[in-house]
Amino acid sequence: MKCYFDNSATTRCFDSVVEIVDQVLRTDYGNPSSLHTKGVEAERYLRYAKEQIAASLKIQEKEILFTSGGTEADNLALIGTAMANYRSGKHLITTQIEHPAVLQTMKYLESLGYRVTYLPVDAYGCIRLEELEAAVTPETILVSIMHTNNEIGSVMPVAEAGRIIKQKNPRALFHVDAVQGYGKCRIYPKKSGIDLLSVSGHKIHGPKGIGFLYVSDKAKIKPIIFGGGQQGGMRSGTENVAGIAGIGKAVEEIFSHFGEDIDRLYEYKEYFTERALRIPDVSVNGPQGRNGAPHIVSLSVKGVRAEVLLHSLDAEGICISAGSACSAHKPTPSSTLVAVGIAKELLESTVRFSFSVETTREQLDYALAVLEEQVPKLRRYVRK
(Lines give C-alpha, C1' and ligand atoms only; values in the text may rest on other atoms or scores of the structure.)
Protein backbone atom coordinates (compact mmCIF):
# COMPACT_ATOMS: atom_id res chain seq x y z
CA MET A 1 0.00 0.00 0.00
CA LYS A 2 1.19 3.52 -0.81
CA CYS A 3 0.81 5.99 2.04
CA TYR A 4 1.74 9.64 1.65
CA PHE A 5 2.04 11.21 5.10
CA ASP A 6 4.15 14.26 4.25
CA ASN A 7 1.33 16.68 3.50
CA SER A 8 2.91 19.45 5.57
CA ALA A 9 5.70 19.47 2.99
CA THR A 10 3.34 19.47 0.03
CA THR A 11 0.01 18.02 -1.06
CA ARG A 12 -1.27 16.31 -4.17
CA CYS A 13 -3.21 18.69 -6.39
CA PHE A 14 -6.93 18.01 -6.45
CA ASP A 15 -8.07 16.67 -9.82
CA SER A 16 -10.27 19.74 -10.23
CA VAL A 17 -7.21 21.94 -9.67
CA VAL A 18 -5.26 20.11 -12.37
CA GLU A 19 -8.18 20.56 -14.75
CA ILE A 20 -8.51 24.31 -14.25
CA VAL A 21 -4.73 24.82 -14.50
CA ASP A 22 -4.71 22.82 -17.73
CA GLN A 23 -7.60 24.93 -19.06
CA VAL A 24 -5.66 28.13 -18.40
CA LEU A 25 -2.38 26.87 -19.85
CA ARG A 26 -3.94 25.39 -23.00
CA THR A 27 -6.89 27.66 -23.76
CA ASP A 28 -7.34 30.72 -21.54
CA TYR A 29 -3.68 31.70 -21.66
CA GLY A 30 -4.04 35.47 -22.05
CA ASN A 31 -2.22 38.13 -20.08
CA PRO A 32 -4.72 39.66 -17.61
CA SER A 33 -3.31 43.11 -18.34
CA SER A 34 -4.29 42.82 -22.03
CA LEU A 35 -7.48 44.52 -23.14
CA HIS A 36 -8.56 41.96 -25.74
CA THR A 37 -10.77 38.92 -25.22
CA LYS A 38 -7.96 36.63 -24.08
CA GLY A 39 -6.91 39.17 -21.48
CA VAL A 40 -10.47 39.50 -20.21
CA GLU A 41 -10.71 35.71 -19.93
CA ALA A 42 -7.55 35.63 -17.84
CA GLU A 43 -8.74 38.45 -15.62
CA ARG A 44 -11.84 36.40 -14.76
CA TYR A 45 -9.67 33.74 -13.13
CA LEU A 46 -8.06 36.36 -10.91
CA ARG A 47 -11.48 37.62 -9.81
CA TYR A 48 -12.70 34.06 -9.25
CA ALA A 49 -9.76 33.21 -7.00
CA LYS A 50 -10.12 36.42 -5.03
CA GLU A 51 -13.80 35.70 -4.48
CA GLN A 52 -13.04 32.26 -3.05
CA ILE A 53 -10.23 33.48 -0.80
CA ALA A 54 -12.12 36.55 0.42
CA ALA A 55 -15.13 34.43 1.36
CA SER A 56 -12.99 31.94 3.29
CA LEU A 57 -11.33 34.65 5.39
CA LYS A 58 -14.20 37.18 5.44
CA ILE A 59 -12.01 39.89 3.96
CA GLN A 60 -12.24 42.22 0.97
CA GLU A 61 -11.03 41.08 -2.43
CA LYS A 62 -8.90 44.20 -2.76
CA GLU A 63 -6.92 43.08 0.31
CA ILE A 64 -5.42 40.05 -1.49
CA LEU A 65 -1.99 40.10 -3.14
CA PHE A 66 -0.93 37.02 -5.10
CA THR A 67 2.67 35.90 -4.58
CA SER A 68 4.91 33.03 -5.68
CA GLY A 69 4.19 31.22 -2.40
CA GLY A 70 4.40 31.44 1.36
CA THR A 71 8.05 32.46 1.47
CA GLU A 72 7.53 35.50 -0.73
CA ALA A 73 4.39 36.41 1.19
CA ASP A 74 6.34 36.31 4.46
CA ASN A 75 9.17 38.36 2.98
CA LEU A 76 6.78 40.96 1.61
CA ALA A 77 4.96 41.22 4.92
CA LEU A 78 8.10 41.61 7.02
CA ILE A 79 10.36 43.65 4.77
CA GLY A 80 7.49 45.70 3.36
CA THR A 81 6.29 46.61 6.85
CA ALA A 82 9.77 47.39 8.14
CA MET A 83 10.55 49.68 5.22
CA ALA A 84 7.23 51.50 5.38
CA ASN A 85 7.18 52.08 9.13
CA TYR A 86 10.79 52.55 10.22
CA ARG A 87 10.17 56.16 11.23
CA SER A 88 7.73 54.91 13.88
CA GLY A 89 10.26 52.50 15.37
CA LYS A 90 12.65 49.70 14.52
CA HIS A 91 11.51 47.00 16.94
CA LEU A 92 10.12 43.69 15.66
CA ILE A 93 8.80 40.68 17.56
CA THR A 94 8.56 37.04 16.49
CA THR A 95 8.93 33.57 18.07
CA GLN A 96 11.76 31.09 18.32
CA ILE A 97 9.91 28.44 16.31
CA GLU A 98 8.96 30.33 13.17
CA HIS A 99 9.49 28.96 9.68
CA PRO A 100 12.85 29.90 8.12
CA ALA A 101 10.99 32.24 5.75
CA VAL A 102 10.30 34.41 8.80
CA LEU A 103 13.39 33.72 10.91
CA GLN A 104 15.87 34.33 8.10
CA THR A 105 14.05 37.48 7.04
CA MET A 106 14.21 38.73 10.62
CA LYS A 107 17.95 38.06 10.62
CA TYR A 108 18.24 40.12 7.44
CA LEU A 109 16.32 42.99 9.03
CA GLU A 110 18.60 42.81 12.07
CA SER A 111 21.54 43.36 9.71
CA LEU A 112 19.83 46.59 8.61
CA GLY A 113 19.63 47.87 12.16
CA TYR A 114 16.24 46.61 13.29
CA ARG A 115 15.95 45.08 16.77
CA VAL A 116 14.16 41.74 17.00
CA THR A 117 12.72 40.05 20.09
CA TYR A 118 12.41 36.26 19.77
CA LEU A 119 9.71 34.99 22.13
CA PRO A 120 10.28 31.57 23.73
CA VAL A 121 7.57 28.92 23.74
CA ASP A 122 6.30 26.41 26.27
CA ALA A 123 6.58 22.62 26.04
CA TYR A 124 3.61 22.56 23.65
CA GLY A 125 5.11 25.10 21.28
CA CYS A 126 2.93 28.07 22.25
CA ILE A 127 3.99 31.55 23.31
CA ARG A 128 3.16 32.87 26.76
CA LEU A 129 0.83 35.81 26.31
CA GLU A 130 2.27 37.69 29.30
CA GLU A 131 5.70 37.58 27.64
CA LEU A 132 4.23 38.95 24.42
CA GLU A 133 2.55 41.74 26.34
CA ALA A 134 5.81 42.63 28.07
CA ALA A 135 7.69 42.64 24.76
CA VAL A 136 5.42 45.10 22.92
CA THR A 137 6.64 48.70 23.28
CA PRO A 138 5.86 52.04 21.63
CA GLU A 139 8.79 51.31 19.27
CA THR A 140 7.29 48.01 18.07
CA ILE A 141 6.17 48.25 14.44
CA LEU A 142 5.54 44.57 13.66
CA VAL A 143 4.75 41.31 15.46
CA SER A 144 5.00 38.11 13.40
CA ILE A 145 3.61 34.90 14.93
CA MET A 146 2.89 31.71 13.00
CA HIS A 147 -0.59 30.27 13.23
CA THR A 148 0.36 26.57 13.17
CA ASN A 149 3.82 25.14 13.66
CA ASN A 150 4.88 23.00 10.72
CA GLU A 151 6.82 20.44 12.81
CA ILE A 152 4.75 19.69 15.92
CA GLY A 153 1.35 21.14 15.05
CA SER A 154 1.04 23.66 17.87
CA VAL A 155 -1.61 26.32 17.23
CA MET A 156 -0.77 29.76 18.55
CA PRO A 157 -3.34 31.89 20.42
CA VAL A 158 -3.42 34.42 17.59
CA ALA A 159 -6.74 36.03 18.50
CA GLU A 160 -5.57 36.71 22.06
CA ALA A 161 -2.21 37.88 20.74
CA GLY A 162 -3.91 40.28 18.35
CA ARG A 163 -5.89 41.86 21.16
CA ILE A 164 -2.81 42.31 23.31
CA ILE A 165 -0.80 43.87 20.49
CA LYS A 166 -3.51 46.36 19.59
CA GLN A 167 -4.12 47.28 23.23
CA LYS A 168 -0.44 47.99 23.93
CA ASN A 169 0.45 49.60 20.61
CA PRO A 170 -2.40 50.20 18.15
CA ARG A 171 0.08 51.24 15.45
CA ALA A 172 1.97 47.93 15.48
CA LEU A 173 1.06 45.59 12.64
CA PHE A 174 0.33 41.92 13.31
CA HIS A 175 1.52 39.36 10.75
CA VAL A 176 0.50 35.71 10.87
CA ASP A 177 2.20 33.00 8.83
CA ALA A 178 -0.83 30.77 8.17
CA VAL A 179 0.82 28.44 5.65
CA GLN A 180 0.11 25.39 7.85
CA GLY A 181 -3.08 26.71 9.45
CA TYR A 182 -5.11 27.93 6.49
CA GLY A 183 -7.48 25.24 5.27
CA LYS A 184 -7.18 23.33 8.55
CA CYS A 185 -8.49 25.91 11.01
CA ARG A 186 -11.03 28.70 10.76
CA ILE A 187 -9.14 31.97 10.50
CA TYR A 188 -10.83 35.38 10.38
CA PRO A 189 -8.15 38.10 10.32
CA LYS A 190 -10.39 41.03 11.09
CA LYS A 191 -11.79 39.37 14.22
CA SER A 192 -8.30 38.53 15.45
CA GLY A 193 -6.57 41.87 14.82
CA ILE A 194 -4.45 40.34 12.03
CA ASP A 195 -3.15 42.90 9.54
CA LEU A 196 -1.10 40.57 7.32
CA LEU A 197 -1.58 36.84 6.64
CA SER A 198 0.56 34.53 4.48
CA VAL A 199 -0.75 31.45 2.65
CA SER A 200 0.78 28.93 0.24
CA GLY A 201 -1.16 27.05 -2.44
CA HIS A 202 0.64 23.73 -2.40
CA LYS A 203 -0.22 23.08 1.25
CA ILE A 204 -3.96 22.98 0.42
CA HIS A 205 -3.92 20.77 -2.70
CA GLY A 206 -3.19 23.67 -5.03
CA PRO A 207 -0.17 24.15 -7.32
CA LYS A 208 3.34 24.97 -6.19
CA GLY A 209 4.64 28.44 -6.99
CA ILE A 210 1.52 30.32 -5.92
CA GLY A 211 0.40 31.89 -2.66
CA PHE A 212 -1.10 35.10 -1.38
CA LEU A 213 -0.70 37.74 1.27
CA TYR A 214 -3.71 39.30 2.93
CA VAL A 215 -2.96 42.96 3.54
CA SER A 216 -5.51 44.86 5.59
CA ASP A 217 -6.62 48.04 3.87
CA LYS A 218 -5.37 49.83 7.00
CA ALA A 219 -1.88 48.32 6.87
CA LYS A 220 1.03 50.37 5.54
CA ILE A 221 3.64 48.33 3.65
CA LYS A 222 5.98 48.91 0.73
CA PRO A 223 6.55 46.63 -2.27
CA ILE A 224 9.76 44.64 -2.57
CA ILE A 225 9.33 43.71 -6.26
CA PHE A 226 9.19 46.49 -8.84
CA GLY A 227 8.21 46.53 -12.48
CA GLY A 228 5.06 47.01 -14.49
CA GLY A 229 2.84 47.96 -11.58
CA GLN A 230 0.56 44.90 -11.51
CA GLN A 231 -1.59 44.32 -8.42
CA GLY A 232 -1.77 48.02 -7.68
CA GLY A 233 2.00 48.33 -7.82
CA MET A 234 2.38 46.19 -4.70
CA ARG A 235 3.65 43.10 -6.51
CA SER A 236 4.80 43.77 -10.06
CA GLY A 237 5.14 41.05 -12.66
CA THR A 238 2.65 39.31 -14.94
CA GLU A 239 0.30 37.34 -12.74
CA ASN A 240 0.62 33.55 -12.62
CA VAL A 241 -2.89 33.04 -13.93
CA ALA A 242 -2.73 29.24 -14.00
CA GLY A 243 -1.45 29.13 -10.42
CA ILE A 244 -4.01 31.69 -9.28
CA ALA A 245 -6.83 29.72 -10.90
CA GLY A 246 -5.46 26.60 -9.22
CA ILE A 247 -5.32 28.07 -5.73
CA GLY A 248 -8.80 29.52 -6.23
CA LYS A 249 -10.18 26.07 -7.07
CA ALA A 250 -8.28 24.49 -4.16
CA VAL A 251 -9.78 27.02 -1.74
CA GLU A 252 -13.25 26.35 -3.14
CA GLU A 253 -12.79 22.59 -2.68
CA ILE A 254 -11.26 22.80 0.81
CA PHE A 255 -14.00 24.99 2.23
CA SER A 256 -16.94 23.27 0.51
CA HIS A 257 -17.12 20.60 3.25
CA PHE A 258 -14.64 22.01 5.72
CA GLY A 259 -16.20 21.06 9.05
CA GLU A 260 -16.74 17.43 8.12
CA ASP A 261 -13.19 17.01 6.80
CA ILE A 262 -11.55 18.63 9.83
CA ASP A 263 -13.57 16.53 12.27
CA ARG A 264 -12.42 13.40 10.43
CA LEU A 265 -8.79 14.55 10.52
CA TYR A 266 -8.97 15.07 14.27
CA GLU A 267 -10.44 11.58 14.65
CA TYR A 268 -7.61 10.14 12.57
CA LYS A 269 -5.00 12.05 14.55
CA GLU A 270 -6.36 10.79 17.87
CA TYR A 271 -6.59 7.23 16.56
CA PHE A 272 -3.07 7.28 15.11
CA THR A 273 -1.54 8.86 18.22
CA GLU A 274 -3.20 6.44 20.62
CA ARG A 275 -1.98 3.41 18.63
CA ALA A 276 1.54 4.80 18.14
CA LEU A 277 1.93 5.39 21.88
CA ARG A 278 1.44 1.67 22.49
CA ILE A 279 4.87 1.11 20.96
CA PRO A 280 7.45 1.14 23.79
CA ASP A 281 9.53 4.32 24.15
CA VAL A 282 7.54 6.29 21.59
CA SER A 283 6.41 9.77 22.63
CA VAL A 284 4.33 12.50 21.01
CA ASN A 285 5.49 16.09 20.75
CA GLY A 286 3.23 19.11 20.78
CA PRO A 287 -0.40 19.41 21.81
CA GLN A 288 -2.73 16.47 21.35
CA GLY A 289 -6.42 16.44 20.45
CA ARG A 290 -8.13 19.61 19.32
CA ASN A 291 -5.62 21.81 21.13
CA GLY A 292 -3.32 21.36 18.16
CA ALA A 293 -3.56 21.16 14.38
CA PRO A 294 -5.68 18.33 12.98
CA HIS A 295 -3.12 17.06 10.50
CA ILE A 296 0.31 16.89 12.21
CA VAL A 297 1.68 14.18 14.51
CA SER A 298 5.28 14.46 15.72
CA LEU A 299 6.71 11.22 17.13
CA SER A 300 10.00 10.68 18.94
CA VAL A 301 11.17 7.07 18.67
CA LYS A 302 13.84 6.46 21.28
CA GLY A 303 16.81 4.49 20.03
CA VAL A 304 16.10 4.94 16.30
CA ARG A 305 17.53 7.73 14.20
CA ALA A 306 14.88 9.65 12.28
CA GLU A 307 16.56 9.13 8.91
CA VAL A 308 16.83 5.39 9.49
CA LEU A 309 13.13 5.14 10.34
CA LEU A 310 12.22 7.36 7.38
CA HIS A 311 14.05 5.12 4.90
CA SER A 312 12.70 1.99 6.53
CA LEU A 313 9.12 3.20 6.13
CA ASP A 314 9.83 4.50 2.64
CA ALA A 315 10.84 0.99 1.61
CA GLU A 316 7.34 -0.11 2.69
CA GLY A 317 5.63 2.62 0.64
CA ILE A 318 5.14 5.08 3.49
CA CYS A 319 6.35 8.66 3.01
CA ILE A 320 7.02 10.71 6.16
CA SER A 321 9.37 13.53 7.14
CA ALA A 322 12.32 13.75 9.48
CA GLY A 323 11.40 17.40 10.13
CA SER A 324 10.48 20.46 8.14
CA ALA A 325 11.02 19.87 4.42
CA CYS A 326 12.32 23.42 4.21
CA SER A 327 15.18 22.71 6.59
CA ALA A 328 15.71 18.97 6.21
CA HIS A 329 19.32 19.34 5.08
CA LYS A 330 20.47 21.51 7.94
CA PRO A 331 23.23 19.90 10.05
CA THR A 332 21.87 21.44 13.26
CA PRO A 333 18.93 20.09 15.30
CA SER A 334 15.46 21.47 14.71
CA SER A 335 15.08 24.88 16.36
CA THR A 336 11.47 24.00 17.15
CA LEU A 337 12.34 20.78 18.98
CA VAL A 338 15.10 22.56 20.91
CA ALA A 339 12.74 25.41 21.83
CA VAL A 340 10.07 23.09 23.25
CA GLY A 341 12.67 21.25 25.33
CA ILE A 342 12.79 17.85 23.65
CA ALA A 343 15.35 15.60 25.37
CA LYS A 344 18.74 15.74 23.65
CA GLU A 345 18.73 12.04 22.82
CA LEU A 346 15.42 12.44 20.96
CA LEU A 347 16.37 15.42 18.79
CA GLU A 348 17.63 13.14 16.02
CA SER A 349 14.94 10.50 16.63
CA THR A 350 11.87 12.55 15.79
CA VAL A 351 9.69 12.14 12.70
CA ARG A 352 6.56 13.86 11.43
CA PHE A 353 3.43 12.29 10.02
CA SER A 354 1.17 14.83 8.34
CA PHE A 355 -2.24 13.91 6.95
CA SER A 356 -4.66 15.48 4.47
CA VAL A 357 -8.30 15.27 3.49
CA GLU A 358 -7.29 12.41 1.18
CA THR A 359 -5.86 10.28 4.01
CA THR A 360 -7.80 7.07 4.75
CA ARG A 361 -8.20 4.87 7.85
CA GLU A 362 -6.77 1.96 5.87
CA GLN A 363 -3.56 3.91 5.28
CA LEU A 364 -3.28 4.70 8.98
CA ASP A 365 -3.72 1.04 9.92
CA TYR A 366 -1.09 -0.04 7.43
CA ALA A 367 1.43 2.55 8.64
CA LEU A 368 0.82 1.62 12.27
CA ALA A 369 1.32 -2.06 11.53
CA VAL A 370 4.61 -1.31 9.78
CA LEU A 371 5.73 0.91 12.68
CA GLU A 372 4.91 -1.80 15.21
CA GLU A 373 6.98 -4.26 13.20
CA GLN A 374 9.91 -2.07 12.19
CA VAL A 375 10.70 -0.10 15.34
CA PRO A 376 11.76 -3.14 17.45
CA LYS A 377 13.83 -4.46 14.53
CA LEU A 378 15.61 -1.14 14.05
CA ARG A 379 16.38 -0.90 17.75
CA ARG A 380 17.98 -4.35 17.73
CA TYR A 381 20.05 -3.33 14.74
CA VAL A 382 21.27 -0.19 16.50
CA ARG A 383 22.30 -2.12 19.62
CA LYS A 384 24.47 -4.44 17.50
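Candidates in the range 265-287 are the residues that are part of a helix (DSSP H, G or I) and in contact (Cβ under 8 Å) with a residue 40 or more places away in the chain; of these, the one that is surrounded by the fewest Cβ atoms within 10 Å (Cβ to Cβ) is Y271. Residue pairs whose Cβ atoms lie under 7 Å apart, separated by 6 or more positions or on different chains, with the first residue in the range 11-32 and farther than 26 Å from F353 by Cα and touching a residue at least 40 places away in the same chain (Cβ under 8 Å) and the second in a loop (DSSP other than H, G, I, E, B) and not β-branched (V, I, T), are V21/P207; P32/E239. Considering only residues in the range 5-63 that are of a type in the set (K, R) and in a helix (DSSP H, G or I), the one that is nearest to G181 (Cα to Cα) turns out to be K50.
Table: residues versus (1) in contact (Cβ under 8 Å) with a residue 24 or more places away in the chain; (2) farther than 19 Å from E61 by Cα; (3) polar (S, T, N, Q); (4) in a helix (DSSP H, G or I).
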site	(1), (2), (3), (4)
I194	yes, no, no, no
L197	yes, no, no, no
H205	yes, yes, no, no
G209	yes, yes, no, no
F212	yes, no, no, no
K220	yes, no, no, no
I224	yes, yes, no, no
G228	yes, yes, no, no
A242	yes, no, no, yes
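Scanning the range 237-264 for residues that are among the small types (G, A, S), surrounded by 19 or more Cβ atoms within 10 Å (Cβ to Cβ) and farther than 19 Å from R26 by Cα gives a single hit, A250. Under 23 Å from G237 (Cα atoms) and buried (at least 17 other Cβ atoms within 10 Å of the Cβ): is that true of N75 in this structure? Judged against the criteria, N75 is a match.
Residue by residue, here is whether (1) closer than 27 Å to S298 by Cβ; (2) open to solvent by 20 Å² or more (accessible area, probe 1.4 Å) holds:
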{"residue": "D6", "(1), (2)": "yes, yes"}
{"residue": "T10", "(1), (2)": "yes, yes"}
{"residue": "Y29", "(1), (2)": "no, yes"}
{"residue": "S34", "(1), (2)": "no, yes"}
{"residue": "R47", "(1), (2)": "no, yes"}
{"residue": "I53", "(1), (2)": "no, no"}
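For first residues located in the range 99-121 and at positive phi, partners that are modelled with pLDDT of 95 or more and among the basic types (K, R) and lie 6+ apart or on another chain with Cβ distances below 8 Å form the pairs G113/K90. Scanning the range 137-169 for residues that are in a loop (DSSP other than H, G, I, E, B) and of a type in the set (A, V, I, L, M, F, W, C) turns up I145, M146, I152, M156. The condition (being among the polar types (S, T, N, Q) and out of contact with any helix residue (DSSP H, G or I) (no Cβ under 8 Å at 6 or more places or on another chain)) is satisfied by just one residue among T94, T81, T67: T81.
The values are calculated or read from the model by the stated rules, or taken from the named source; none is laboratory data. These figures come from a predicted structure and were not determined experimentally. Methodologically, a virtual Cβ is constructed for each residue, glycine included, from the backbone with ideal geometry; neighbour enumeration extends over all protein chains shown. Just the protein is used for accessible areas: all its heavy atoms, side chains included, with ligands, DNA and RNA removed. Shrake-Rupley method; radii C 1.70, N 1.55, O 1.52, S 1.80 Å.
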